[in-house]
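Just below is one structure, and these are the notes that go with it.
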Amino acid sequence: MENNANCAQLLRNVSEACFYATDLKLYLDTHPDDIRALEMHREACRQLKACKEAFENCCYPLQSCCAGDDGEWDWLMGCWPSERLV
Amino acid sequence: MFIFEKRTQFPVKINNKNPKLASYILSQYGGPDGELGASLRYLSQRFAQTDKRGIALLTDIGTEELGHLEMIGSIVTQLTKGEGAKSFDRYGVGDYYVDHANGVYPASAAGVPWSAATIQSKADPIADIMEDMAAEQKARATYDNILRMCDDPDVSNVIKFLRAREVVHFQRFGELLNILQSKIK
């Protein structure tokens with residue numbers, strides 16, 4: 001796992017990308033015919049996927065299906081929601 | 001279904017301890033206008049929605065509220081981590097400590113346990129969405145009250161984020177209400 005400061009930054013990138021995608025999703029629920037928002041949402045989801053991969057490659061798995069790749073149960077690692085990211 | 005992701009929607013990183021502030025903020029965990037009630041209200045009401053836009057919006061906002069519940073629990077935990085009985089007592093929240101110690105329990109700031117009597121599910125899309133808009137405003141007002149009593153920027157920054165989300169949800173529910181009403185006309 002990389003240093004905590006770098007992981008904090010990578011996690012912030014995930015949060016920002018996810019926030020953008022989430023907000024567009026809610027907008028699209030009530031504006032499903034807005035083609036421009038649809039394209040923005042597609043790009044936001046691409047960005048989010050890239051941010052998550054960058055984080056998980058350097059830090060720890062965010063979802064359990066990404067855990068255990070290196071023969072150890074690293075799902076236990078990292079900062080759970082109750083814990084403070086250093 | 002739901003898939004857990006090991007992160008909060010907005011980073012929660014609180015440096016100082018304050019059991020009293022934690023007991024106020026706990027109201028947004030299990031109080032009458034808190035995130036538990038919000039998520040259960042929307043995730044229950046969605047079963048009776050008939051318009052796809054309504055089903056989607058209630059599902060998506062209800063899911064986001066579950067994430068907010070997690071953030072509130074995280075704030076309360078970090079504000080009380082390592083604090084003992086004496087500290088809780090000094091901060092004037094010894095009564096909470098007696099029943100729950102450092103645990104996060106769904107109750108209001110006054111200690112009333114969470115109740116499903118604070119939410120409704122009427123199978124009437126207009127009645128439900130009207131309630132949801134009021135619920136978002138009540139949650140927003142509660143966050144305003146918390147901000148008036150909070151002088152820790154680590155905490156206020158998270159509360160301001162949550163407050164802003166209530167405003168967005170109110171806006172989206174308002175759009176849905178217009179959609180449903182125009183279908184009736």
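Roughly speaking, what is the stretch gain from A:TRP80 to A:GLN9, that is 0.36 nm per residue apart minus the C-alpha to C-alpha distance, in nm to one decimal? Don't skip to the end; give the middle numbers.
Working: separation 71, 0.36 × 71 = 25.56 nm, distance 1.64 nm.
That pair, A:TRP80 and A:GLN9, stretches by 23.9 nm at full extension.
Which whole-number value in Å³ per residue fits the convex hull of the alpha carbons of chain A? Intermediate results must be reported in sequence, preceding the final value.
Numbers: hull volume 8.8 nm³, N = 86.
Roughly 102 Å³ of hull volume per residue.
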Legend entry - Where a label projected 7 Å from the Cα of B:ALA141 along Cα→Cβ would reach, residues of region B:101-133 with amide N under 17 Å: B:109-110, B:118-120, B:130-133
Inset, instruction - Would you list which lysines come within 24 Å of B:LYS122, measuring only between C-alpha atoms, while excluding same-chain residues fewer than 8 positions from it? - result: B:LYS52, B:LYS138, B:LYS183, B:LYS185
Legend entry - For region B:8-25, Karplus couplings with θ = phi - 60° (6.51, -1.76, 1.60), whole Hz, Gly/Pro x: 9, 4, 9, x, 10, 9, 10, 8, 9, 9, 6, x, 5, 4, 4, 5, 5, 5
Legend entry - Length added when fully stretched, B:THR63-B:MET1, from 0.36 nm per residue minus Cα-Cα: 21.3 nm
Legend entry - Formal net charge of residues neighbouring B:VAL93 (Cβ-Cβ distance under 13 Å; K, R +1; D, E -1): 0
Inset, instruction - Restricting things to alpha carbons, tell me how big the protein assembly as shown is in terms of Rg and Dmax, in Å. - result: 19.6, 62
Legend entry - Whole-angstrom gap from region A:14-78 to region B:49-105, using each part's C-alpha centre: 24 Å
Legend entry - Ranked B:TRP114, A:TRP73, criterion: other C-beta atoms within 10 Å, fewest first: A:TRP73, B:TRP114
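Using 0.36 nm per residue of separation minus the Cα-Cα distance, give me the extension gain between A:HIS31 and A:ALA50 in nm, one decimal. Present the calculation step by step, with values, prior to reporting the outcome.
Values: separation 19, 0.36 × 19 = 6.84 nm, distance 2.63 nm.
The A:HIS31-A:ALA50 span can extend by a further 4.2 nm.
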Inset, instruction - Kindly provide the pair-distance distribution of chain B built from C-alpha pairs, with 5 Å bins from 0 and whole-percent values in order of increasing distance. - result: 1, 8, 17, 20, 18, 14, 10, 6, 4, 2, 1, 0, 0
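Tell me the mean residue ellipticity at 222 nm calculated for chain A from its helices only (DSSP H runs of n ≥ 4, each -39500 (n - 2.57), averaged over every residue, nearest 500). Don't skip to the end; give the middle numbers.
On the way: 2 runs with 51 residues, N = 86.
For chain A, the value works out to -21000 deg cm²/dmol.
So, with +1 on the Cβ of K and R and -1 on the Cβ of D and E, and no other charges, what is the size of the charge dipole of the protein assembly as shown about its Cα centre, to the nearest 20 debye? Walk me through the intermediate numbers first.
Values: 30 positive and 38 negative charges, 102 e Å.
With Lys and Arg at +1 and Asp and Glu at -1, about 500 debye.
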Inset, instruction - Quick one: compute the contact order of chain B, relative version, from alpha carbon pairs under 8 angstrom and 6+ residues apart, as a percent. - result: 30 percent
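Every number here is computed from the coordinates shown, using simple stated rules; none is lab data. Just so we're clear, the structure is a prediction, and the values are computed from it rather than from any experiment. All Cβ positions, even for glycine, are placed from backbone atoms using ideal geometry, and neighbour counts span all protein chains on display.
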